[in-house]
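Inspection log for the structure reproduced underneath, given as C-alpha cells.
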Amino acid sequence: MLQLNTHLIDMFMDLEKVNNAVLFEKPLYEKLLVEVPKYKMITPSILSDRMRIGGSLARAAIRELASKGLIRPLVKHSKQLIYTRATGA
C-alpha cells in the first residue's frame, strides 16, 4: 500500500503546472480581439484553455467583447456563460 501511494505522489509531481496569464499585455489583447470573435462557441473555459489566461480574465474578456458587439450571448446562466460570434444578420 505504501508503495502505491508513493507511486501516485510521484505521478502527480510530474504534472506540469499551467502558467496562465492574469493580466492582458498588448499582443495578447490584440490576439483576443482578432481571434476570439471567429470562434463558433465561446465560454470562459475555452478562452482560458486556448488563450492561456486565467478564468477571471476570461470572464472579463467575454464581457468586453460582448460590450463591443463582437460576440453575442447564447446562454447567460449564473454558472455558465455561452457566447457565439456576432453575425451580420
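Here is how the numbers come out for the structure above:
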quantity	calculated
Extension gain (nm, one decimal) between residue 18 and residue 77, 0.36 nm per residue minus Cα-Cα	18.5 nm
Exposure proxy order (Cβ contacts within 10 Å, fewest to most) of 26, 31, 79	79, 26, 31
Magnitude of the charge dipole, segment 17-85, Cβ model with Lys/Arg +1 and Asp/Glu -1, debye to 20	200 debye
Length added when fully stretched, residue 85-residue 29, from 0.36 nm per residue minus Cα-Cα	18.4 nm
Exposure proxy ranking, count of Cβ atoms within 10 Å, fewest first, for 78, 56	78, 56
Charge context of residue 51, other residues only, Cβ under 10 angstrom, K/R +1, D/E -1	+1
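Only the coordinates and a few stated rules stand behind these numbers; no lab work does. Model, not experiment: these values are computed from the prediction. Neighbour counts run over all protein chains shown; Cβ positions are idealised from the backbone, glycine included.
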